[in-house]
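Each remark here refers to the structure printed beneath this line.
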Amino acid sequence: MEAEDRISLTIGRSRLEIVMGDITRQETDAIVNAANSRLTPGGGVSGAIHRAAGAGLREECKKLGGCKTGEAKITKGYNLPARYVIHTVGPVFSHASRERNAELLRKCYESSLGLAIEHGIKSISFPAISTGIYGYPMEEAADIAVRTIADFLRKHDEIKVVRMVLYGRDAFEVHKRAMKKLSEEIDKISYNP
Ligand code: APR
């Protein structure tokens, strides 16, 4: 990966990173899945995670009784480099309920991070939840994602690294701008540490 494809921001004793890449390849303790409420494989990130993890993940997901929008459930990572997968269900975007969508998207990040702490997870990778099949505009979702993660890390230092993994240059650039805006409010930003 080229050096400019990674940005990080120090928040308390933790680090928020954005990188361009594939979430299934991340070696963090956990990766987050942008799931559907039945926790079936689906397409997008979820399809890629299920393909890389193998059939064990689908079998474990079947036993979980689904997941509500904004909530999160945890499984093992099977053949993935990550030990755990945290499945969260993002809102399906609609202009009519913008505030509610934003609240549910924030909840996805908070629920996933809360569950990570309960399981002693120190590093976690997120995709840009809801910005694919569920149609959330990337700029709005990026602002919500980085702010929610930063707010969480200000209050909890158990998790050392939170990484947002963006699929492609456009998504990365949008998140880079969101990080720059955020960094103007926070003490210190460092590039390519
Ligand atoms: N790594 C990182 N990001 C990825 C990857 C990958 N391998 N594949 C896709 N993405 C990006 C997409 O480009 C998009 O920006 O992840 C973001 C989220 O896209 P989706 O996977 O479509 O997730 P979402 O919009 O939350 O829709 C969830 O999709 O797979 C179905 O069953 C799932 O119904 C649910 C819906």
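FYI, it's all coordinate maths here, none of it is from the lab. Everything numeric in this text was worked out from a predicted model, so none of it was measured. Cβ sites come from the backbone with ideal geometry, for glycine too, and all protein chains shown count toward neighbours.
By DSSP, the beta bridges lying fully in the chain are antiparallel in about 40 percent of cases.
Full extension of the chain segment joining GLU184 with LYS68 gains 38.3 nm, where the gain is 0.36 nm per residue of separation less the Cα-Cα distance.
I need CYS67, CYS61, CYS108 ordered by Cβ neighbour count within 10 Å, fewest first.
Going from sparsest to densest Cβ surroundings: CYS67, CYS61, CYS108.
Given the pairs LYS107/LYS180; LYS160/LYS181; LYS76/LYS180; LYS122/LYS176, which span a C-alpha to C-alpha distance of over 25 angstrom in this model?
Values: LYS107/LYS180 23 Å; LYS160/LYS181 22 Å; LYS76/LYS180 34 Å; LYS122/LYS176 23 Å.
The pairs that break the limit, which is 25 Å between Cα atoms, are LYS76/LYS180.
With R₀ set to 45 Å, the beta-carbon distance separating ARG98 from THR10 gives a calculated FRET efficiency near 0.90. Mean-square fluctuations from a GNM of the chain, with a 10 angstrom spring cutoff on Cα atoms, peak among LYS73, LYS181, LYS160 at LYS181. Placing +1 on the Cβ of every Lys and Arg and -1 on the Cβ of every Asp and Glu, with no other charges, gives the chain a dipole of roughly 480 debye about its Cα centre.
Kindly give Rg over Rh for the chain, based on alpha-carbon atoms, with the Kirkwood expression for the hydrodynamic radius. Please report the intermediate quantities before stating the final value.
Details: Rg = 15.3 Å, Rh = 16.4 Å.
Result for the chain is an Rg/Rh of 0.94.
Each stretch of four or more DSSP H residues adds -39500 (n - 2.57); spread over every residue of the chain, this sum gives -12000 deg cm²/dmol at 222 nm. Across the range 11-190, the mean sequence separation of Cα contacts (distance under 8 Å, 6 or more residues apart), normalised by length, yields a relative contact order of 30 percent.
Note: relative contact order over the range 1-100, using C-alpha pairs below 8 Å and six or more positions apart, is 28 percent.
With a Förster radius of 30 Å applied to the C-beta separation of THR40 and ASN79, the computed FRET efficiency comes to 0.95.
Along the charge dipole of the chain, Cβ charges K/R +1 and D/E -1, which of GLY120, GLY66, MET138 sits furthest on the positive end? In the chain, that residue is GLY66.
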